[in-house]
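Below you'll find the structure, written out as structure tokens, and then a few comments.
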Amino acid sequence: MEEVANPVGRPRSVLAGRVKETGEGRELERGAMREESPRERAAKRAAELRGHIGNLDEGMDDFYVPREYIPDGWSYEWKRKLNMGQEDPAYQVQLARMGWEPVPASRHPSMMPEGNKYQIIERKGMVLMERPLEITQEAYEIEQRRARNQIRHKEAQLASTPEGTLTRDHAQTKPKISKGYEPIPIPKD
């Protein structure tokens, strides 16, 4: 047993990796702490990463949000924060007018690096935003209605003729508009 000077002034003895303080009614024992080998630490970290990365060969979607993260009655969408490295305040105002608000990073801490310095969830110049699902559905219906109206307008333009000219009612002059998805035939040389 070897006596070692203690900064406090009480003697302590060192026995096979154990430190035992002596004196004044207190005895503190610590076992020797076994440090993990770098190989064990690397294997543990690799297993942890595989758990949330998945197959490294499949490619990664940086903007994937698990469906269970989205609260009931809400919709999440990635919206632009930066345009060529610059913020666009007018676009941010437009998003706010349309009901979009940034999702707080505290709600989904696994989506941002560790530490509480991030307030919102950002990826590659995009911000994860939320708004009530019923507002998103209404906006989608409005967009669909506008798209259908544009198609009807172009169809009417194709079928119309200037005043005082013949109409396009004849089968050979009537425009042929196809509304389907089918492969375009490739002519053989």
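The values are calculated or read from the model by the stated rules, or taken from the named source; none is laboratory data. No experiment lies behind these values; they were computed from the predicted model shown. Don't worry about glycine lacking a Cβ; one is built from the backbone with ideal geometry, like all the others, and counts go over all protein chains shown.
Looking only at strands (runs of 3 or more DSSP E) that fall completely inside the range 1-112, which ones have 1 or more residues that are of a type outside the set (S, T, N, Q), modelled with pLDDT of 85 or more and surrounded by 12 or more Cβ atoms within 10 Å (Cβ to Cβ)?
74-80
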- Given the structure, is ALA147 at pLDDT below 85 and of a type in the set (A, V, I, L, M)? no
- Of residues in the range 130-189 being basic (Lys, Arg) and under 30 Å from ARG80 (Cα atoms), the one surrounded by the most Cβ atoms within 10 Å (Cβ to Cβ): ARG131
- Task: Test ILE151 against the criterion of being more than 30 Å from PRO104 (Cα to Cα), free of Cβ contacts under 8 Å to residues at least 60 places away in the same chain and touching a helix residue (DSSP H, G or I) at 6+ places or on another chain (Cβ under 7 Å), and give yes or no.
- Result: no
